[in-house]
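These notes are about the structure you will find just below.
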Amino acid sequence: MITCPFLIAHGEGDRQINVKYAHQSYDQAVNSPKRTLRLFTAEEGATEHIGLDHLSHVGNYISDWIDDTLAGT
């Protein structure tokens, strides 16, 4: 049971882990006080596994999410 903030950052074109698992994880994290599913698109250039095709964009999003989340605690 997840009872802490939970971020799923996933590329919609990830060929290693299907995007359906990102949705499944999000749907199951019902006890999280803040759950976020962020799908990165081809238009953003970060659609592959862990955003390797635009890692700085994904990293910036994750850093901002952590900063915003911790600011609320």
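The values are calculated or read from the model by the stated rules, or taken from the named source; none is laboratory data. Just so we're clear, the structure is a prediction, and the values are computed from it rather than from any experiment. Note: accessible area is taken over every heavy atom of the protein model, side chains too, but ligands, DNA and RNA are not part of it. Shrake-Rupley method; radii C 1.70, N 1.55, O 1.52, S 1.80 Å.
For the reader, a short list of remarks on this structure follows.
- ³J(HN,Hα) computed for each position of region 61-71 - Karplus, 6.51 cos²θ - 1.76 cosθ + 1.60, integer Hz, glycine/proline x: 4, 4, 4, 5, 4, 4, 4, 5, 5, 5, 5
- Kirkwood-based Rg to Rh ratio, the chain, C-alpha trace: 0.99
- Excluding ligands, DNA and RNA, the accessible surface per residue across region 5-73 is 64 Å² with a 1.4 Å probe.
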